[in-house]
Amino acid sequence: MFFLLGKTVVTLTVNGEEREVLIRPSDTLLYTLRAELGLTGAKPGCENGDCGACTVLVDGRPVKSCLMLTAEALGRKITTVEGLREAPVQKAFIEKFAFQCGYCTPGFLMVCHALKEYHPNPPDHVIDEWLQSNICRCTSFEEIGKAVRAVLSGEI
């Protein structure tokens, strides 16, 4: 780690690769992923943690990257939607038409992927709780629920 004009060079582990980036202490993980690493799957929506469009996984847990400083991610494993590499949840979203405009889709994919990892056979109320962390303004919640249930049931 070294300093340059108020910025620091740090190493992040993103999608299984170590990447060096130049950050300021105030940079959010969302900003760093998009502006410094070119990973634009996480979307800036509300930028205050309400919508979930910026959701990524940090050590396997869903995190709203607009609320996390990049410095907080040092030494942790970050997974973006680009790192899912054809996970079953992606296929399910396509087959169940679980998107309309697509802006919220990366965030929902990350939440649904983590749900499958942490709760492979959850009751419906747990699925609903996890999906509440994200907002779809195009109202495709029913299809999103069908997609995640298809993955959890092994249909996809």
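Looking at LEU33, is it crowded, with 16+ Cβ neighbours inside 10 Å and in a loop (DSSP other than H, G, I, E, B)? Taking the combined requirement at face value, the residue does not satisfy it. Residues in region 63-111 that are more than 10 Å from the chain's Cα centre (by Cα), buried (at least 18 other Cβ atoms within 10 Å of the Cβ) and assigned to a strand (DSSP E or B): none. Listed by first and then second residue, the pairs linking a residue in region 25-41 that is under 12 Å from VAL56 (Cα atoms) to a residue that is among the basic types (Lys, Arg) and part of a helix (DSSP H, G or I), with Cβ atoms under 8 Å apart and 6 or more places separating them unless they lie on different chains, are THR40/ARG34. Checking region 76-91 against the condition returns a match, with at least one residue being touching a helix residue (DSSP H, G or I) at 6+ places or on another chain (Cβ under 9 Å), in contact (Cβ under 8 Å) with a residue 60 or more places away in the chain and hydroxyl-bearing (Ser, Thr, Tyr).
The numbers here are math on the coordinates, done by the rules we state, and not lab data. None of the values given here were measured: they were computed from a predicted structure. When we count neighbours, we look across all protein chains shown, and the Cβ atoms used for this are built from the backbone with ideal geometry, even at glycine.
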